[in-house]
Amino acid sequence: MIPLQPPRRLIDVEVDGEAVRVPEGSTVLDACRTAGKDIPTLCYGDTLTPKNACRVCVVEVEGSRTLAPACSRKAEAGMVVGTDTARARHSRKVVLELLASSTDLSTTPMAKEWMADYGADPARFGEEAATVAQPPKVDNDLYVRDYGKCILCYKCVDACGEQWQNSFAISVAGRGFDATISTEFDVALTDSACVYCGNCVEVCPTGALSFKTEFDMRAEGTWDESEQTTTTTICSYCGVGCNLTLHVQDNKIVKVTSPHDNPVTHGNLCIKGRFGYGYV
Amino acid sequence: MDLHFGDAEPTAEERAAVDALLGPPVTAWEGGDRTEADLRSAARAEQARDRLLPALHAVNDRVGWISEGALAYICRRLTIPPAEAYGVASFYSLFSMEPRPARVLHVCTDLACLAKGVRDAGEGVASPCLGLCERAPAALALEAGLPPKATVYGGSPAADATPYTVERPEPPVADAVPQAGGQGLVLLRRVGVVDPASLDDYRANGGYQALRRAFELGPAGVIREVTEAGLVGRGGAAFPTGRKWDATARQPDQPHYLVCNADESEPGTFKDRVIMEGDPYALVEAMTIAAYATGCRKGYLYIRGEYPRATAALETAIRTARARGMLGADILGHGFAFDIELRKGAGAYICGEETAIFNSIEGYRGEPRTKPPFPVEKGLFGKPTVVNNVETLVNVLPILLTGGSDTKLFCVSGSVGRPGVYELPLGTPLRELLDLARPAGRLKAVLLGGAAGSFVTDLDVPLSFEGTRAAGATLGSGVVMVLDEEVDLPAFLVRIAAFFRDESCGQCVPCRVGTVRQEEALHRLGRRRSDEDLVLLREVGQTMRDASICGLGQTAWNAVESAIDRLGAFK
Ligand SMILES: Cc1cc2nc3c(=O)[nH]c(=O)nc-3n(C[C@H](O)[C@H](O)[C@H](O)COP(=O)(O)O)c2cc1C
Ligand code: SF4
Ligand code: SF4
Ligand code: SF4
Ligand code: FES
């Protein structure tokens, strides 16, 4: 059952010259989507408070000195938004270049398409450009942390912390380009507060966090999403009734996700639902 | 909260350092000895997140570094997840998460010291600007212990065989004020004249008259006078102070907080230090007035961790003022209650940003918050908050007494004969300031506003907020750094870029990666000219300016851009 929302006032916003009407409290991103405009997003998560850290979603808002992150800026009545102006496109292009030149985006969905669309050329920073490349952390049997792919979107930290899981096993450590996602003193997950709910994996937009099965199959070259089917069922471990989406390849469950639009669990699971598929 | 603390135990010394700050633990749940009673009831520890930064300081300042056991003990005492506490501790450059010697020598390799010929840190660790630019080249030795020791070194190390081991008394603060004791000074008039430790001296020199006047005027009257005087913020953004105060005073949400921003870390800036060292009661009085006007009962004075003498002066001033009824429950018998808590930063320029400072005080990573909401609505602890710079606040004293001073403090350093803090009327041509400071060599350019500012060559530019803006520059925090023809401009620009790369909080991509790419391109350009790299700088620079979350990223390319456009760098 979806709880009834109190009726919300509608406001008028202009997106790329087109009038759109959205409920008060909507973000600029909501308005843009209502207008049928596709804007890239990376750090935005449909189940999380926007952190507006990646800046790939920036748009031009008339009267604003700087560009605005569409994912978090609230739409205001009379706002004039440009999603496709030269200035907004320029920033998006350079942000993609900065990311791709420092991070392995090979498993980030849509990255390749966006780079082509914006004409991003990360190679122009040269061979010597600093990167965050590092060996993957394989310290448990359930999931892998490959921080060479991490764009520091904060989503895993927020999912693990007070927004969902309340385990606080990971945090951003260090500062600036040296910042990383880390446990205390970078101890192994097995020595940390992690309870292996995998809710961080669920929200990671880059594949930096992945199921061990996926990680191993990618290493073997057998991971093939076109060969996978998904079925959504109800978890049978306890009475909560969480939805599980089982991803199956070659008759084997290769990973488990959970629908974000479930009004109770919002894509979150516990270790049993997420990783207990050995027994399904 | 169900937290996991690991097995690491603190040493006796680490435990003592934390207990000295927080008091002994009451129950085993916070790391005390286990008693029978603990086993019968699960005590629910109060979360005291805002004690985190002081607790980290307590351990680091006493032991020299923060071990796993020490961090776990702090976390137990304050009910903080260890991963988060680690994230906070590792944010600050003055904290070490690895063993190191008790004494660490921080050698300034930043702009003013670079302009004086410093190339590297030698046996010390390279430090961003220490705010000792009038004594460049400068260094600061911090020695952990009970009590911790700080030694400031200034002047020419080259002339001295063992410059950073021989302790010499710090020169009096008035040495940093070439005009000290002279006519026409308003904000600096007591520096070098009063004994900074003496409240009586302060009162004998006009101290606490402005607060009496404030009590006569009432809060709204104070805000009116500040607004009418046209005071704008001196921390860099030049926002009208009266408007900020009025907006905060009107907020129904309670309590209201006052934060004095004494993080002063913009390279080349040292004016706030000079005020705090030379006239600390003025800041205490000014904070009291600001709090009275805006309805705050509690003020935080956030001072950068590299200012030992200013910190000591303020500790004395706050303690004395409290003992004499100038802070506390009933100030001067007017029924107004207000007190000040001093908070020490730990090496992070970004914590001077007006929302990062809240996170830092609250015990979170010093990352700027998204605005809106603005501090006047939701600031410290989510409550309406006034943040003001030290110089802004002390301007309120003359406003209430004589209608205002209309002067500004300028931090003059680099290639000049008389570096120091100057006080001149806003609008004074740059040339006049330089005449006072006596440029040493053949002048090449002046960096106005610090690393976040820009270069000018026109000496007729009026030193006012509008005048510098019209010239495509900014007064910023009042930095006037003079460069002569001898300066290695490419190296200077690389140092500016390195500063921003080091100090970026890392939250947003344009700044976190952009500052790295800017520095890399400048290194390449220093070796050979390249049109591609110039284009690259411009494109990355524009993106940092347009798409970064906060002022750090937004201004990280200003100086480099002006050097290319105005000084013909890399032509
Ligand atoms: C990266 C960064 C660092 C800053 N550092 C300081 C500082 O050290 N001291 C300061 O007063 N303002 C600093 N500011 C400006 C503050 O954000 C804020 O504008 C100021 O404290 C407001 O006080 P004012 O209105 O009295 O100037 C900084 C801003 C940025 C973006
Ligand atoms: S698996 Fe769960 S508990 Fe472990 S780090 Fe991820 S979100 Fe936190
Ligand atoms: S690991 Fe994934 S979710 Fe976490 S910060 Fe990196 S990219 Fe984001
Ligand atoms: S601009 Fe830089 S300092 Fe500011 S929030 Fe972004 S990364 Fe942090
Ligand atoms: S998606 Fe908006 S800033 Fe990342």
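Numbers for the structure displayed
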{"item": "Sulfur and carbon atoms: percent of accessible area, the range B:163-320 [1.4 Å]", "result": "49"}
{"item": "Whole-angstrom gap from the range B:332-411 to the range B:171-186, using each part's C-alpha centre", "result": "26"}
{"item": "Inter-part distance where the range A:23-68 and the range B:200-240 are each reduced to a Cα centre, Å", "result": "42"}
{"item": "Accessible area (Å², per residue) of chain B, counting only protein heavy atoms and a probe of 1.4 Å", "result": "36"}
{"item": "A versus B: buried accessible surface, summed, Å² (probe 1.4 Å, to nearest 100)", "result": "3900"}
{"item": "Within the range B:103-157, percent of DSSP bridges classed antiparallel, to nearest 5", "result": "75"}
{"item": "Shielding of A:159-172 by partner chains, average beta-carbon count, 10 Å", "result": "4"}
{"item": "Charge dipole of the range B:418-571 about the Cα centre (unit charges at C-beta), most positive-ward option of B:548, B:475, B:424", "result": "B:548"}
{"item": "Amide H contacts under 5 Å for residue B:387, placed H, 5+ residues apart", "result": "B:259"}
{"item": "Cα centroid of the range A:110-187 to Cα centroid of the range A:195-236, whole Å", "result": "17"}
{"item": "Surrounding net charge for residue B:564, when Lys and Arg each add one and Asp and Glu each subtract one, Cβ distance under 11 Å", "result": "0"}
{"item": "Dipole magnitude (debye, nearest 20) for the protein assembly as shown, charges at Cβ of Lys, Arg, Asp, Glu", "result": "1260"}
{"item": "Beta bridges per DSSP with both ends in the protein assembly as shown, % antiparallel, nearest 5", "result": "70"}
{"item": "Mean ellipticity per residue at 222 nm, deg cm²/dmol - from DSSP H runs of n ≥ 4 across chain B, formula -39500 (n - 2.57)", "result": "-12000 deg cm²/dmol"}
{"item": "Proximal charge balance of residue B:186 [Cβ under 15 Å; K/R count +1, D/E count -1]", "result": "0"}
{"item": "Average Cα contact separation per residue, chain B, under 8 Å, 6 or more apart, as relative contact order %", "result": "12"}
{"item": "Sequence-distant residues sharing a close amide H with residue B:343 (under 5 Å, placed H)", "result": "B:301, B:302, B:303"}
{"item": "24 Å Cα-Cα reach of residue A:149 towards lysines, excluding residues that sit fewer than 8 places from it in its own chain", "result": "A:51, A:93, A:112, A:137, A:212, A:255"}
{"item": "Principal-axis tilt of helix A:86-102 within chain A, Cα atoms, nearest 10 degrees", "result": "20"}
{"item": "Student exercise, the range B:123-232 dipole from Lys, Arg, Asp, Glu Cβ charges, in Debye to nearest 20", "result": "360"}
{"item": "Shielding by other protein chains, A:54-60, mean Cβ within 10 Å", "result": "4"}
{"item": "Residue-wise HN-Hα coupling along the range B:188-202, computed from phi with Karplus coefficients 6.51, -1.76, 1.60 (Hz; x: Gly, Pro)", "result": "9, 5, 8, 5, x, 9, 9, 7, x, 8, 9, 5, 4, 4, 4"}
{"item": "Computed magnitude of the charge dipole of the range B:489-566 (debye, nearest 20; Cβ of K, R +1, Cβ of D, E -1)", "result": "200"}
{"item": "Sites residue A:142 and residue B:224, calculated FRET efficiency, Cβ-Cβ separation with R0 45 Å, nearest 0.05", "result": "0.10"}
{"item": "Of the DSSP H helices in chain B, those whose Cα atoms cover at least 18 Å axially and whose Kyte score averages -1.0 or more", "result": "B:209-228, B:280-294, B:308-323, B:390-402, B:489-503, B:509-527, B:531-547"}
{"item": "Summed side-chain charge close to residue B:471 - residues other than residue B:471 whose Cβ falls under 14 Å, Lys, Arg +1, Asp, Glu -1", "result": "-1"}
{"item": "Residues with amide H under 5 Å from that of residue B:153, placed H, sequence gap 5 or more", "result": "B:139, B:140, B:141"}
{"item": "Whichever aspartates and glutamates have a C-alpha closer than 13 Å to that of residue B:344, once near sequence neighbours (fewer than 8 apart) are set aside", "result": "B:50, B:61, B:263, B:264, B:306, B:315, B:362"}
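The values are calculated or read from the model by the stated rules, or taken from the named source; none is laboratory data. Small disclaimer: the values here were computed from a predicted structure and weren't measured. Quick reminder, even Gly has a Cβ in these numbers, built from the backbone with ideal geometry, and neighbours come from all protein chains shown. The area values use the complete protein model at the heavy-atom level, side chains included, leaving out ligands, DNA and RNA. Shrake-Rupley method; radii C 1.70, N 1.55, O 1.52, S 1.80 Å.
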